[in-house]
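The values are calculated or read from the model by the stated rules, or taken from the named source; none is laboratory data. Fair warning: this is a prediction, and the values are worked out from it, not measured in the lab. Quick reminder, even Gly has a Cβ in these numbers, built from the backbone with ideal geometry, and neighbours come from all protein chains shown. The protein model used for the area step is the full one, side chains on, heavy atoms only, and it has no ligands, DNA or RNA in it. Shrake-Rupley method; radii C 1.70, N 1.55, O 1.52, S 1.80 Å.
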Amino acid sequence: IFDTGLAPAAAGAALAALRLLRREPERAARARAVAGELYAGLTAAGLEAVRPDAAVVSVRAPSPEDAVRWAAECRAAGLAVGCFRPPSVPDGISRLRLTARADLTGQQIERAVRLIGETRS
């Protein structure tokens, strides 16, 4: 299920990202701010989300099956989310995971929160 080796393209992308962050360090702070806005919107909508330490916001799903369906419905609506369920997470804590980006606008953040709320189980 798991692969520990990075593909050369992924390693190259990571290196490019590090170079970009050296040139534009404010991007990291903006990504964390966007994650905080996502968290605030999701919890205000009644969803159980984990307060982010960085750019990833995790939203609890009721079950692995619900997480898969929820993520598929988000993707069908144009919102890319990750879906994590056992065995990659412990039983009982399946989740959707959103990755905040520094370039997201307030309107895009609001849309993401709305879509996640509308498609939840």
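So which residues in the range 40-83 are among the hydrophobic types (A, V, I, L, M, F, W, C) and more than 18 Å from Arg111 (Cα to Cα), if there are any at all? Even if it seems obvious, please write down each step before you answer.
Of the range 40-83, the ones among the hydrophobic types (A, V, I, L, M, F, W, C) are 40, 42, 44-45, 47, 49-50, 54-57, 59, 61, 67-68, 70-72, 74, 76-77, 79-81, 83.
Residues satisfying the conditions are Val50, Ala54, Ala61, Ala67, Val68, Cys83.
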Checklist entry - Hey, does the range 60-73 have a residue that's part of a strand (DSSP E or B) and in contact with a Cys (Cβ under 7 Å, 6 or more places away or on another chain)? => result no
Checklist entry - If you go through the range 53-64 one residue at a time, do you hit one that is open to solvent by less than 50 Å² (accessible area, probe 1.4 Å), more than 11 Å from the chain's Cα centre (by Cα) and not aliphatic (A, V, I, L, M)? => result yes
Checklist entry - Taking the stated definitions as given, is Ala9 within 30 Å of Gly92 (Cα to Cα), exposed (fewer than 15 other Cβ atoms within 10 Å of the Cβ) and of a type outside the set (Asp, Glu)? => result no
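Criterion first (in contact (Cβ under 8 Å) with a residue 60 or more places away in the chain and of a type in the set (A, V, I, L, M)) does Leu38 satisfy it? Give the derivation first.
Values: in contact (Cβ under 8 Å) with a residue 60 or more places away in the chain: yes; of a type in the set (A, V, I, L, M): yes.
Spelling it out, Leu38 is indeed in contact (Cβ under 8 Å) with a residue 60 or more places away in the chain and of a type in the set (A, V, I, L, M).
Answer yes or no as to whether Arg97 is under 20 Å from Leu38 (Cα atoms) and touching a residue at least 24 places away in the same chain (Cβ under 8 Å).
Values: under 20 Å from Leu38 (Cα atoms): yes; touching a residue at least 24 places away in the same chain (Cβ under 8 Å): yes.
It is true that Arg97 is under 20 Å from Leu38 (Cα atoms) and touching a residue at least 24 places away in the same chain (Cβ under 8 Å).
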Checklist entry - So which residues in the range 74-109 are open to solvent by 60 Å² or more (accessible area, probe 1.4 Å), at pLDDT below 95 and among the hydrophobic types (A, V, I, L, M, F, W, C)? => result Ala80, Phe84
Checklist entry - Could you say whether any residue in the range 73-95 is more than 15 Å from the chain's Cα centre (by Cα) and within 30 Å of Glu24 (Cβ to Cβ)? => result no
Next on the checklist: Tally up the residues in the range 18-32 that are surrounded by 11 or more Cβ atoms within 10 Å (Cβ to Cβ), without any contact (Cβ under 8 Å) to a residue 24 or more places away in the chain and assigned to a helix (DSSP H, G or I), please.
Outcome noted: 2
